[in-house]
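To keep things clear, I will list the structure first and then write my remarks on it.
The values are calculated or read from the model by the stated rules, or taken from the named source; none is laboratory data. Given the structure is predicted, the values throughout are model-derived calculations rather than measurements. In this analysis, Cβ positions are derived from the backbone assuming ideal geometry, glycine residues included, and neighbour counts consider all displayed protein chains. We work out accessible area using only protein heavy atoms, side chains counted, and drop any ligands, DNA or RNA first. Shrake-Rupley method; radii C 1.70, N 1.55, O 1.52, S 1.80 Å.
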Amino acid sequence: MKKATPKKLTEKQKKVAQVMYEFKEGELHSGKTDVIVTNPKQAIAIALSEAEEIDKSKKIIHKTMIFFNSKPMNFKTFA
């Protein structure tokens with residue numbers, strides 16, 4: 001019988017867990033305001049939207065790396 005290996009959490013899952021922990025502790029704020037979130041459904045929505053932001057930022061970084069690495073820089077055009 002095989003031993004079960006522990007699951008590795010992705011960055012999205014870690015972010016959702018962090019936000020839900022903040023909600024449970026009563027420290028989760030809605031946006032930039034000082035209003036503390038008391039609705040669990042609202043906390044889940046905030047967690048999922050923050051997790052999506054991680055994915056979007058990774059895609060933007062990946063696209064810029066491809067753009068700059070694919071074209072050789074020609075500094076003579078800037079002079």
| query | Take the residues of the stretch 1-31 that are acidic (Asp, Glu) and assigned to a helix (DSSP H, G or I): which is surrounded by the most Cβ atoms within 10 Å (Cβ to Cβ)? | reply | Glu22
| request: Kindly check whether there is at least one residue in the stretch 32-40 that is assigned to a loop (DSSP other than H, G, I, E, B) and open to solvent by less than 70 Å² (accessible area, probe 1.4 Å). | output: yes
